[in-house]
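Everything below concerns the one structure shown next.
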Amino acid sequence: MSEGKYEEVVDDEDKNLHVVHIHRFLSPSEEKEWYERILEKVPWYRVKYKSRRIENLCTTPCWTNFYGGYSHLKPYSPIPEFLEPLIMKVRAHSGGAEYNSILIRLYYDGNDNIAWHTDGRTFLGDTPTIGSLSLGHRAKFEMRRMHNVWPCTKGDNGIDTATPARTFTVKGGDLLIMRGDTQKHWHHRVPQEKYRRPRVNINFRNILPDREDTQRGQHSYYKYMKFGDERDPVPTMYKDLSRKSGSILSMWGPAGATSSAMVARGKRGNAALAVSTMARGATSSKNQKKKAKITSYFTK
């Protein structure tokens, strides 16, 4: 297979699955630049909120931030100017789709994840185009077909067990686009993966104006991805996360390298060191899990 960019297209009308996976959408140098700039400039939130759907206190299982929407609606944080060229580049490869808001997730290690959910919302339109750009370490992006994407919390789980699940391996620099009626029929998730190193995902969406639920929709994005139930949450910068962890993960911050360079480093003999250090941190990770209950992250 060539080292250049290539596309994997899935257009299954019978199963309502429409996905374009652009491998190496960003060159290695472009990916490295964007990865480092985002980790340097973006503050991260671990959002806490009480879910009306499951009536429980929830903490998002990864680090997040949200920008964009409409300035006359509150809350609102403008998209940082340094990200505009990246948004334009993704838009140019999204079949004419517009994007006015972005969700950025940081999966700091293999424990961070996002549970099964649909990105479909009425204020995004009937057939929204969702762009998903990966930076840093590779990850599994899993999809499963649903006969009800908003299943009951008890009883029917809504899963179409007759249709096989799909798994895409998204690497640093890959762009995955979901379009058409995919969100009406499919859930997706990023599961936990042992020894996964830091990964950033940028999710591109377009909130439609003048819908009955536009205000509610924008407010919900900021609540569940930035502020939670706290009045004035304190964000955390990546450098502080690395410093607090005191682990080998700090090697892959802005001063370090991205996915392709990580692999090269591992080939030079540091892979064994990484495994050893991760193993020593396993006990600490288990203790952290006991302190904070991680629950499913999506609300209707």
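Each value in this text was obtained by applying a stated rule to the coordinates, not by laboratory testing. Computed from a predicted structure; not experimentally measured. All Cβ positions, even for glycine, are placed from backbone atoms using ideal geometry, and neighbour counts span all protein chains on display.
As a proxy for reagent exposure, ranking Val149, Val234 by other Cβ atoms within 10 Å from fewest up yields Val234, Val149.
Protection proxy ranking, highest mean first, for peptides 88-98, 116-126: 116-126, 88-98, where packing is the per-residue count of other beta-carbon atoms within 10 Å, averaged.
Taking θ as phi - 60° and the Karplus parameters 6.51, -1.76 and 1.60, the scalar couplings of the stretch 128-145 work out to x, 9, 10, x, 9, 9, 9, 9, x, 6, 5, 8, 8, 10, 9, 10, 9, 7 Hz in sequence order, x denoting glycine and proline. Where Rh is the Kirkwood radius over the Cα pairs of the stretch 6-238, the temperature 25 °C and the viscosity 0.890 mPa s, what D in µm²/s does Stokes-Einstein return? Estimated via Stokes-Einstein, D reaches 134 µm²/s. Legend: ranking of residues Met146, Met237, Met178 from fewest to most surrounding C-beta atoms inside 10 Å; resulting order Met237, Met146, Met178.
Coupling constants for the stretch 29-39 follow from the phi torsions by the Karplus curve (6.51 cos²θ - 1.76 cosθ + 1.60, θ = phi - 60°), and in residue order they are 6, 5, 4, 4, 5, 5, 4, 5, 5, 5, 5 Hz; glycine and proline get x. Using the Karplus relation 6.51 cos²θ - 1.76 cosθ + 1.60 with θ = phi - 60°, the per-residue 3J(HN,Hα) values for the stretch 81-97 come to 4, 5, 8, 4, x, 5, 4, 4, 5, 5, 4, 5, 10, 10, x, x, 5 Hz, with x marking Gly and Pro. For the cross-link pairs Lys41/Lys239; Lys15/Lys184; Lys50/Lys244; Lys50/Lys223, the ones whose C-alpha atoms lie over 21 Å apart are Lys50/Lys244.
Taking only the Cα atoms of the stretch 1-143, the radius of gyration and Dmax are 16.6, 50 Å.
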